[in-house]
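The values are calculated or read from the model by the stated rules, or taken from the named source; none is laboratory data. Since we're looking at a predicted model, the values are computed, not measured. Cβ coordinates were reconstructed from backbone atoms using ideal geometry, including for glycine residues, and neighbour counts include every protein chain displayed. Ligands, DNA and RNA are stripped out before the accessible areas are found, and what is left, the full protein with its side chains, is counted by its heavy atoms. Shrake-Rupley method; radii C 1.70, N 1.55, O 1.52, S 1.80 Å.
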Amino acid sequence: MPLGQDAEVCLLKSGELMIKLPLTVEEIANFGESNRELFVRSSTYSVIPITVAEAGLTISWVFSSDPKSISFSVVFQEAEDTPLDQCKVLIPTTRCSSHKENIQGQLKVRTPGIYMLIFDNTFSRFVSKKVFYHLTVDRPVIYDGSDFP
């Protein structure tokens with residue numbers, strides 16, 4: 001592993017990708033209230049890349065896993081052809097007890113690009129996991145004074 005390279009980026013380069021599920025802001029807006037399900041086989045990871053065209057949005061997530069825990073991280077990629085070693089880790093890989101409680105989080109989009117939510121099960125040699133997740137995207141409310149008398 002080259003010095004100075006993040007574990008998340010090495011995972012993206014060398015780990016075994018199980019599922020890649022690209023989403024846009026519009027698709028997430030149409031999620032409704034229901035949870036989605038993502039299968040993460042043992043010794044693999046799955047990625048939900050969210051393409052965001054405008055800054056200022058907030059991406060929020062809630063997820064749980066069954067059975068046992070899952071590792072989670074968020075990596076930013078400026079464009080699809082940006083080399084992985086130039087990606088920026090926004091949330092380092094964290095082992096989550098998501099089988100015991102819902103894990104919630106959010107991030108503010110400062111730069112348009114691809115925000116990759118990574119569910120990492122590479123630490124589990126035998127146990128495949130199901131991740132139940134719900135995503136939302138919020139636009140900032142811009143007050144335009146229109147309701148002023």
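May I ask you to verify whether Phe132 is open to solvent by 10 Å² or more (accessible area, probe 1.4 Å) and of a type in the set (A, V, I, L, M, F, W, C)? Walk me through it before giving the result.
Numbers: open to solvent by 10 Å² or more (accessible area, probe 1.4 Å): yes; of a type in the set (A, V, I, L, M, F, W, C): yes.
Criteria met by Phe132.
Checking Thr94 against (1) farther than 20 Å from Lys20 by Cβ; (2) assigned to a loop (DSSP other than H, G, I, E, B); (3) open to solvent by 30 Å² or more (accessible area, probe 1.4 Å), which test does it fail?
Status for Thr94: all satisfied but (2).
Among the candidates Glu54, Glu101, Glu80, which residue alone is open to solvent by 20 Å² or more (accessible area, probe 1.4 Å) and within 17 Å of Pro22 (Cβ to Cβ)?
Glu80
Could you list, in sequence order, the residues of the range 18-51 that are open to solvent by less than 80 Å² (accessible area, probe 1.4 Å) and assigned to a loop (DSSP other than H, G, I, E, B)? It would help to see each step written out before you state the result.
Our first condition is that a residue be open to solvent by less than 80 Å² (accessible area, probe 1.4 Å); within the range 18-51, this holds for 18-19, 21, 23-25, 28-29, 31-32, 34, 38, 40, 42-51.
Selection gives Leu21, Phe31, Gly32, Ser34, Ser42, Ser43, Thr44.
Is it the case that Val9 is of a type in the set (Val, Ile, Thr), crowded, with 17+ Cβ neighbours inside 10 Å and modelled with pLDDT of 85 or more? So that I can check it myself, show each step before the final result.
On the way: of a type in the set (Val, Ile, Thr): yes; crowded, with 17+ Cβ neighbours inside 10 Å: yes; modelled with pLDDT of 85 or more: no.
Judged against the criteria, Val9 is not a match.
List the pairs whose first member sits in the range 105-124 and is in contact (Cβ under 8 Å) with a residue 12 or more places away in the chain and open to solvent by 20 Å² or more (accessible area, probe 1.4 Å), whose second member is of a type in the set (Gly, Ala, Ser) and part of a strand (DSSP E or B), and whose Cβ atoms are under 7 Å apart, counting only residues at least 6 apart or on separate chains?
Close Cβ pairs (under 7 Å, with a partner that is of a type in the set (Gly, Ala, Ser) and part of a strand (DSSP E or B)) amount to Gln106/Ser60; Phe123/Ser71.
Based on what the data block shows, is Ser71 more than 15 Å from Leu11 (Cβ to Cβ) and among the hydroxyl-bearing types (Ser, Thr, Tyr)? Quick ask: steps written out before the conclusion?
Details: more than 15 Å from Leu11 (Cβ to Cβ): no; among the hydroxyl-bearing types (Ser, Thr, Tyr): yes.
Spelling it out, it is not the case that Ser71 is more than 15 Å from Leu11 (Cβ to Cβ) and among the hydroxyl-bearing types (Ser, Thr, Tyr).
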